[in-house]
Amino acid sequence: MIELDLLNSTLKEIEEENLNELLEKIHARKQGFYYTIDDEPVVEKINEFAEKNSDFEHIVVCGIGGSALGAICLQQSLGHLYRNKLFVLDNIDPVMIKELEEVIDYSKTLFIVITKSGGTVETLSQYDYFSKKIKENGYELSDHMVVVTGPQSNPLRDEAEKEDLVIFDVPENVGGRFSVLTAVGLLPAKLIGIDIEKLLKGAKVGRDNFLSPDSAINLPFQLAKTQFDLNQKGITMNVLMPYAQKLIKFADWWRQLLAESIGKERKGITPINALGVTDQHSQLQLYNDGPNDKLIIFLEIKNLGAEIAIDSPYKTTFGELLQIEKNATASSLTKNGRPNITISVDSVSEEALGQLFLLFEGATAFLGELMGINAFDQPGVELSKKLTKEALLK
Ligand code: PA5
């Protein structure tokens, strides 16, 4: 279950807004992120593939932006913090590739190449490099590489068809940063043992909430309205601060979602990812005492999943200490007149993650409509991609 405490937002009450009208505008955008979670054939195909490919020691994802951040988030949130089977190459720094090759054994590694457009130069470069290396090492490419890409002909898809690789589709109507619950996130998740059915079950609960016409229970709407109203009052930045080490990459995932969706037409909210309690000793001075331009969104977990007593005069546990520090941090912000809200989640589980994805994706969709911008395109990213290609062809 997810709860949203708006008490410290300084808004106290959500101002009236025609929720139905906003929902209609969102539906008119014809986006698939809240429908494709019902796509059972995809889940079946992923499950079948995972069953046949369970022996790999390492999984390497080649992809960037929305084609990488979901997998990174799922691994950090639901996998083991220190035992790693999945490596996500969301960059083209040669050091990353060199050091990856020091760790992996090509005979025991599966590469998942993910790019919706099939034309992103970073990902295609990784494809070119690793497909050659797999072959040079004497292995069948189709045994060690699989592709997740858009359904229409594109450079990667055409190449994958030629090489007879297994291909998973990214639905046309789901944008990169909204694609975590398609094969983009679900395939790597399944291959590292995450229960994707539970993830989707949670997402469906989140979807019901997102589509609710009742503003008193629609959490994505409440969140978006808070972000929007505060933004109108000069709160131009939002900090997402989970109090759970496992959710550090969730804040990274969200940062892209908010930045790329809402940063348009000279409007936008600057997202800042933070981590409790760590950033109390790094960022909190600024949040409490710097310019009053930030909404702090706390993400607290009621049951962290482990409890360890501390043998100290305070007679407490690490989990209790974390919670006490979160409350103290929120109180310090409130005392200083700094808007802050708390989202509470029962635990860091598959169901909770599914709900959280829909909460923030839904809020982003509402925010786009409230701000009068299309949350689902990314002209700034496309321009940079175009200029990179032009520079390469010179
Ligand atoms: O959200 C987006 O659309 C972008 O961040 C893309 O995910 C990113 O640019 C990668 O694009 P592609 O999946 O086409 O390689």
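The values are calculated or read from the model by the stated rules, or taken from the named source; none is laboratory data. Quick caveat, the model's predicted, so the values are computed rather than measured. For neighbour counting, all protein chains shown are included, and Cβ atoms are generated from backbone atoms with ideal geometry for every residue, glycine included. Note: accessible area is taken over every heavy atom of the protein model, side chains too, but ligands, DNA and RNA are not part of it. Shrake-Rupley method; radii C 1.70, N 1.55, O 1.52, S 1.80 Å.
Which of the listed residues, TYR127, CYS73, ILE46, is farthest toward the dipole's positive end in segment 11-168, when Lys, Arg count +1 and Asp, Glu count -1 at the beta-carbon?
Most positive-ward Cα: TYR127.
What does DSSP give for the chain in terms of the percent of beta bridges that are antiparallel, rounded to the nearest 5?
15
Show which lysines lie in cross-link reach of LYS335 when reach means a straight Cα distance below 26 angstrom and same-chain residues fewer than eight apart are skipped.
LYS335 reaches LYS12, LYS225, LYS233, LYS294, LYS302, LYS326.
On C-alpha positions alone, give me the angle between the axis of helix 379-393 and the longest principal axis of the chain, in degrees, nearest 10.
Result, in degrees: 30.
Checking the a/c ratio against 1.5 first, then a/b against b/c, what shape does the Cα gyration tensor give for segment 243-338?
It comes out oblate by the Cα gyration axes.
Ranked highest first by the average count of other Cβ atoms within 10 Å around their residues, in what order do 65-75, 29-39, 366-376, 348-358 fall?
So the peptides 65-75, 29-39, 366-376, 348-358, ranked by packing, come out 65-75, 348-358, 366-376, 29-39.
Can you pull the accessible area of TYR139 for me, 1.4 Å probe, Å² to the nearest 10?
Probe radius 1.4 Å; accessible area of TYR139 about 80 Å².
Please state, as a whole number in µm²/s, the translational diffusion coefficient that the Stokes-Einstein equation yields for the chain at 10 °C and 1.306 mPa s, with Rh defined as the Kirkwood radius across alpha carbon pairs.
72
Work through the residues other than THR316 whose Cβ is under 13 Å from its Cβ and net out their charges, Lys, Arg +1 and Asp, Glu -1.
-3
Considering only DSSP beta bridges with both partners in segment 135-277, what is the antiparallel share in %, to the nearest 5?
0
Residues with beta-carbon under 15 Å from that of LEU286, excluding LEU286: net charge, scoring Lys, Arg +1 and Asp, Glu -1?
Surrounding charge for LEU286 is -1.
Placing unit charges on C-beta atoms (Lys and Arg positive, Asp and Glu negative, everything else neutral), compute the dipole magnitude of segment 44-136 about its Cα centre in debye, rounded to 20.
With only Lys, Arg, Asp and Glu charged at Cβ, the dipole is about 120 debye.
Any idea what angle helix 69-78 forms with the longest principal axis of the chain, computed on alpha-carbon atoms, 0 to 90 degrees, nearest 10?
Approximately 70 degrees, to the nearest 10.
Would you please classify the overall shape of segment 252-297 from the alpha carbon gyration tensor, given that a ≥ b ≥ c denote the square roots of the eigenvalues, rounded means a/c under 1.5, and beyond that prolate means a/b larger than b/c while oblate covers the rest?
Cα axes put segment 252-297 in the oblate bin.
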